[in-house]
Amino acid sequence: MLVSFDQLNEFFEDTDEEIIQQYVQPLNDVMEFYEINNKQRIAMFLAQVGHESGGLTTIKENLNYSADRLKVIFPKYFKGVDPSGYARNPEKIANRVYANRMGNGPEESGDGWRYRGRGPIQLTGKANYTKFAQEMFDDWQNLVEHPDWVTEDKDFALMSAIWFWNSHNLNHYADIGDLKQMTKIINGGYLGLEERQNLYNTIIQYV
């Protein structure tokens, strides 16, 4: 076993033990299969997953932001636009900030909300959902049309995270200790970089 219940419980101390227990075996299975099997890789994977999922507690993005927060997190998408018309409306926010990119259609298409972040590494955008489904499943068209399936089962959720990890060669960045570049690949920027680094520094001491 690459990581134990006790270790995960220590790493994500604010997460209920019942949730931790549900992830122990699935995490070990996917990490073993995709060769996330040395200290650097394990620590980097768990740090990124831990940050993106709030310590394994959240596998669906909700985007419930205030107007002031929107200007901080998504400044370029609200340049010249009054964010108060989007505040505390996650669906409307997603449709704006994810429009016309990552394979999504325009704001009015609803693709931003439909293909918002899901899974422990927050698979985002129609293009990523499509690539993931095509590479992992025969019935891929049906899965793309019903993206909520990613969060309906922890194994599927973890599969989406490990697919993203593997398809972007993130083991390489783990091996060279480049957490910053890895964060940019996962996040599209450096949001939460300090917390990711702190988690990595904690985890690598105990794996």
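The values are calculated or read from the model by the stated rules, or taken from the named source; none is laboratory data. Remember, it's a predicted structure, so these values are computed and weren't measured experimentally. Positions of Cβ are backbone-derived with ideal geometry, glycine not excepted, and every protein chain shown enters the neighbour counts. Ligands, DNA and RNA are stripped out before the accessible areas are found, and what is left, the full protein with its side chains, is counted by its heavy atoms. Shrake-Rupley method; radii C 1.70, N 1.55, O 1.52, S 1.80 Å.
Take the residues of region 121-155 that are among the charged types (D, E, K, R) and touching a Pro at 6+ places or on another chain (Cβ under 8 Å): which is nearest to GLU52 (Cα to Cα)?
Among them, the one singled out is LYS154.
Kindly provide the set of residues from region 122-142 that are closer than 20 Å to ASN166 by Cα and part of a helix (DSSP H, G or I), ordered by number. If you could, list the steps in order and put the result at the bottom.
Taking region 122-142 as the starting set, the residues that turn out to be closer than 20 Å to ASN166 by Cα are 122-138, 140.
The answer is LYS126, ALA127, ASN128, TYR129, THR130, LYS131, PHE132, ALA133, GLN134, GLU135, MET136, TRP140.
Assuming LEU2 fulfils every condition listed in (1) outside any helix (DSSP H, G or I); (2) free of Cβ contacts under 8 Å to residues at least 12 places away in the same chain; (3) not hydroxyl-bearing (Ser, Thr, Tyr) apart from one, which condition is it?
Going through the list (1) outside any helix (DSSP H, G or I); (2) free of Cβ contacts under 8 Å to residues at least 12 places away in the same chain; (3) not hydroxyl-bearing (Ser, Thr, Tyr), LEU2 breaks only (2).
Residues in region 185-207 that are in a helix (DSSP H, G or I) and under 12 Å from the mean Cα position of the chain (by Cα): how many?
So in region 185-207, the residues in a helix (DSSP H, G or I) come out as 185-187, 193-203.
Checking which are under 12 Å from the mean Cα position of the chain (by Cα) leaves us with 185-187.
Final tally of qualifying residues: 3.
Residue-wise test of (1) at pLDDT 95 or above; (2) among the small types (Gly, Ala, Ser); (3) touching a helix residue (DSSP H, G or I) at 6+ places or on another chain (Cβ under 7 Å); (4) under 24 Å from PHE164 (Cα atoms).
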| site | (1), (2), (3), (4) |
| --- | --- |
| SER66 | yes, yes, no, no |
| PHE74 | no, no, yes, yes |
| SER84 | yes, yes, yes, no |
| ASN89 | yes, no, no, no |
| LYS92 | yes, no, no, no |
| ASN95 | yes, no, yes, yes |
| TYR98 | yes, no, yes, yes |
| GLY105 | yes, yes, yes, yes |
| GLY112 | yes, yes, yes, yes |
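Looking only at region 73-88, count every residue that is loosely packed, with under 12 Cβ neighbours inside 10 Å and either among the basic types (Lys, Arg) or under 25 Å from the mean Cα position of the chain (by Cα) (or both) and tell me the total.
Number of matching residues: 3.
Can you pull out every residue in region 1-57 that is charged (D, E, K, R) and in contact with a Phe, Trp or Tyr (Cβ under 7 Å, 6 or more places away or on another chain)?
Once the filter is applied, which keeps residues that are charged (D, E, K, R) and in contact with a Phe, Trp or Tyr (Cβ under 7 Å, 6 or more places away or on another chain), region 1-57 yields only GLU10.
Taking ASP138, is it modelled with pLDDT of 95 or more, loosely packed, with under 14 Cβ neighbours inside 10 Å and not β-branched (Val, Ile, Thr)?
So ASP138 does not fit the description; no.
Pairs only if they're at least six apart or on different chains, beta carbon under 9 angstrom, first in region 164-193 and touching a residue at least 12 places away in the same chain (Cβ under 8 Å) and within 16 Å of ASN37 (Cβ to Cβ), second open to solvent by less than 60 Å² (accessible area, probe 1.4 Å) and hydroxyl-bearing (Ser, Thr, Tyr); list them, first residue then second.
That search, which allows pairs on different chains as well, returns TRP165/TYR34; ASN166/TYR34; ASN171/TYR34.
Of GLN21, GLN25, GLN40, which residue is at pLDDT 95 or above, open to solvent by 20 Å² or more (accessible area, probe 1.4 Å), more than 20 Å from ASP175 (Cβ to Cβ) and polar (S, T, N, Q)?
After applying the criteria, what remains is GLN21.
Residues THR58, THR130: which one is open to solvent by less than 40 Å² (accessible area, probe 1.4 Å), closer than 30 Å to ASP29 by Cα and among the β-branched types (Val, Ile, Thr)?
Of the residues listed, the single one that is open to solvent by less than 40 Å² (accessible area, probe 1.4 Å), closer than 30 Å to ASP29 by Cα and among the β-branched types (Val, Ile, Thr) is THR130.
Looking at this structure, is ALA47 of a type in the set (A, V, I, L, M, F, W, C), over 30 Å from ALA87 (Cα atoms) and at pLDDT 95 or above?
So ALA47 does not fit the description; no.
Looking only at region 149-207, how many residues end up being farther than 17 Å from LEU46 by Cβ and buried (at least 22 other Cβ atoms within 10 Å of the Cβ)?
1
Scan region 146-192 residue by residue and report those that are among the acidic types (Asp, Glu) and farther than 30 Å from PRO75 by Cα.
Across region 146-192, the qualifying residues are GLU152, ASP153, ASP155, ASP175.
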